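**Q** Questions regarding the structure given below will be posed in turn.
The values are calculated or read from the model by the stated rules, or taken from the named source; none is laboratory data. Please read these numbers as outputs of a predicted model, since none were measured by experiment. Ideal geometry is used to build each Cβ from the backbone, glycine not excepted, and the neighbour counts take in all protein chains shown.
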Amino acid sequence: MTPSKSRILFVDDDPMILQGLRRMLHPMRDAWEVEFCERGSVALEKIAAAAPPYDVIVSDMRMPAMNGAELLARISKTHPGMVRMILSGHADQQMVMQSVGVAHRYLSKPCDAALLTATIRQALGIRGMLRNEELRRAAAGTTTLPSRPDLYVRMLAVMQESDTAVAQVEEVISHDPAMAGKILKLVNSAFFGVPSASKNPMGLKEAISFLGLDILRSLVLTVGLFEQLKGNTPQTTVIEALWGHSFEVAEAARNIALAEEAPQPLVEEAFIGGLLHDVGHLLLHPGQESNSITLLSGEGYSDAERRLYGGTHGEAGGYLFALWGLPAGVVEAVAFHHEPRRGSPDSYGSGGLTPMLAVHVADALVHRKDKDAPHPSLYNPDETCLAQHNLLDRLPTWKDLV
């Protein structure tokens, strides 16, 4: 075996399916080492003995003795860094709901070779975004994020009402990055039939409408889609402050995009990117009372995080949401909101503005008006980067907006 090859394990109880996958993936033999087995128990044995470990597991859903969701749930505990996918032809809603918490991606059979290889290649490619293996495990092992207790309770109340409107649900979810992230992960699942969400990203209202209130009610009330923070702990205070800041940044990023008369997809990605931009803090230092770090002389915030944690909170959050299949513009906005020069050029034809730049400027300006923010001098918009995008002259207008 070539050490540089990525390792992928397929599990399906139909030997004909496995034979077809073997033929389909034969062209990838130089880059991937692909193995196959017919039972979940055999898969667990192979994973336990694997050296080096598998990078990706792709499992059928409906299998005897142990279904795909049960298999991935066990793997998420023993090997949290492994990318977990479901490839199934059974659109059984109950089974799919079972996989919501443990599968990073859900693909439907029949799945053509191009889509399957592209999805696996993307999953492997994003691993380069986060080089620290411990952070990779933390991100890949994250299946849900903690919601603010007041918003969690409000969502339960809204979902129990018979005449709930989409606008009511959107109002709650738009204030809570945890709920927003999970909803967006769902609409990017092949089970819900979104053929090109990554190219034409949905806003929250559109995503809620697409899922439908009946499915969402089932997810919230019976499956436990969202998780509530328990008790009045220091972490509760941290989450409430973090989510409050995130909503401010989301609003500011959306206003910046609107001021530039940006296309609606860019406006949506700017808002969602702002809402999710600081989720990586929960992966770098979970449960701590403070996210502040001590800087060395002349050191930037991202450099300090790499020194202390092996990666930045932006990279950790970006890796998580890339695993969840969120649109590339949102992933980039989360990953590079402190390092905008690492971002891609404008792809919307909107005069150089990108969701990542909107979030970067919004985050900096919101921090600048917070007198209690640590190291306020670090939160300046990158004027060199803005000049490269021909946007520097717009900064005074954006400051007035925020």
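**Q** Taking the stretch 18-56 as the search range and keeping residues that are β-branched (Val, Ile, Thr) and touching a Lys or Arg at 6+ places or on another chain (Cβ under 8 Å), which one is farthest from residue 125 (Cα to Cα)?
**A** Only one residue tops the list, namely 34.
Residue-wise test of (1) closer than 30 Å to residue 309 by Cβ; (2) over 14 Å from the mean Cα position of the chain (by Cα); (3) modelled with pLDDT of 85 or more.
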residue	(1), (2), (3)
60	no, yes, yes
64	no, yes, yes
83	yes, no, yes
100	yes, no, no
113	no, yes, yes
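**Q** If I go through the stretch 380-402 residue by residue, how many of them are within 29 Å of the chain's Cα centre (by Cα), over 11 Å from residue 365 (Cα atoms) and among the polar types (S, T, N, Q)?
**A** 2
**Q** Going by the conditions given, is residue 73 modelled with pLDDT of 90 or more and over 24 Å from residue 23 (Cα atoms)?
**A** yes
**Q** Consider residue 138 carefully, then state whether it is of a type in the set (A, V, I, L, M, F, W, C), surrounded by fewer than 17 Cβ atoms within 10 Å (Cβ to Cβ) and part of a helix (DSSP H, G or I).
**A** When the stated conditions are applied, residue 138 does not pass them.
**Q** Hey, can you tell me all the residues within the stretch 146-171 that are modelled with pLDDT of 85 or more and crowded, with 21+ Cβ neighbours inside 10 Å?
**A** 155, 169, listed by residue number.
Residue-by-condition table, conditions (1) under 22 Å from residue 382 (Cα atoms); (2) modelled with pLDDT of 90 or more; (3) touching a Leu at 6+ places or on another chain (Cβ under 6 Å); (4) not assigned by TED's automatic domain parsing to the domain that holds residue 355:
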residue	(1), (2), (3), (4)
233	no, no, no, no
251	yes, yes, no, no
272	yes, yes, no, no
276	yes, yes, no, no
282	no, no, no, no
287	no, no, no, no
290	no, no, no, no
296	yes, no, no, no
299	yes, no, no, no
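**Q** For the stretch 140-150, state whether one or more residues are without any contact (Cβ under 8 Å) to a residue 60 or more places away in the chain and farther than 20 Å from residue 322 by Cβ.
**A** Yes - at least one qualifying residue is present in the stretch 140-150.
**Q** Among helices (runs of 4 or more DSSP H) lying entirely in the stretch 306-369, which contain 2 or more residues that are over 20 Å from residue 182 (Cα atoms) and at pLDDT 95 or above?
**A** Where helices (runs of 4 or more DSSP H) fall fully within the stretch 306-369 and carry at least 2 residues being over 20 Å from residue 182 (Cα atoms) and at pLDDT 95 or above, they are 355-368.
**Q** How many residues, within the stretch 240-270, are among the aliphatic types (A, V, I, L, M), surrounded by fewer than 21 Cβ atoms within 10 Å (Cβ to Cβ) and in contact (Cβ under 8 Å) with a residue 40 or more places away in the chain?
**A** 2
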